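Read the structure below first, then the notes.
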Amino acid sequence: MSKTFHVTLKKDPEKLIKQAKNLASKNGMVLEGDTRSGRFSGTGIEADYAVQGDKLSITVVKKPMIMPWLLIEKTITGFFS
């Protein structure tokens, strides 16, 4: 089952994606993409993201069964804040 989260961007998308890539790398994850769209994975999670204006949509397509959605949302949105 997939789930989509939405985040209002408070930073320039270029700076935000660069920051998210660095943070993902430090946490054993891989983030590939640009300021329009991309994909990231690691620790059993796979997700896609898309940027439209100041809105970021993140769709988780795979997650560990035992990991609650609330924890996933908090962790992922933290990468993009």
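No value in this document is a laboratory result; all are computed from the given coordinates. Source: prediction; values computed, not measured. Because the Cβ atoms are built from the backbone with ideal geometry, glycine has one as well, and the counts that use them run over all protein chains shown.
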Could you size up the charge dipole of the chain around its Cα centre, putting +1 on the beta carbon of Lys and Arg and -1 on that of Asp and Glu, and report it in debye to the nearest 20? 160
Expressed as an acute angle from 0 to 90° and rounded to the nearest 10, what is the orientation of the C-alpha long axis of helix 13-26 relative to the principal long axis of the chain? 40
Obtain the radius of gyration and the Kirkwood radius of segment 40-81 from its C-alpha atoms and give Rg over Rh. 0.97
As I understand it, the value is the acute angle between the Cα axis of helix 69-79 and the longest principal axis of the Cα atoms of the chain; what does it come to in degrees, rounded to 10? 30
Name the residues whose placed amide hydrogens come within less than 5 Å of the amide hydrogen of Leu9, ignoring near sequence neighbours (fewer than 5 apart) on the same chain. Lys55, Leu56
Once R0 is set to 25 Å, what does the formula 1/(1 + (r/R0)^6) return for the Cβ-Cβ distance between Lys18 and Met65, expressed as a FRET efficiency to the nearest 0.05? 0.15
Within the set of other residues whose C-beta is less than 15 Å from the C-beta of Asp54, count the net charge using Lys and Arg as +1 and Asp and Glu as -1. +3
A 19 angstrom limit on the alpha carbon distance is what I want to check against. Which of Lys11/Lys63; Lys3/Lys55; Lys3/Lys63 exceed it? Lys11/Lys63
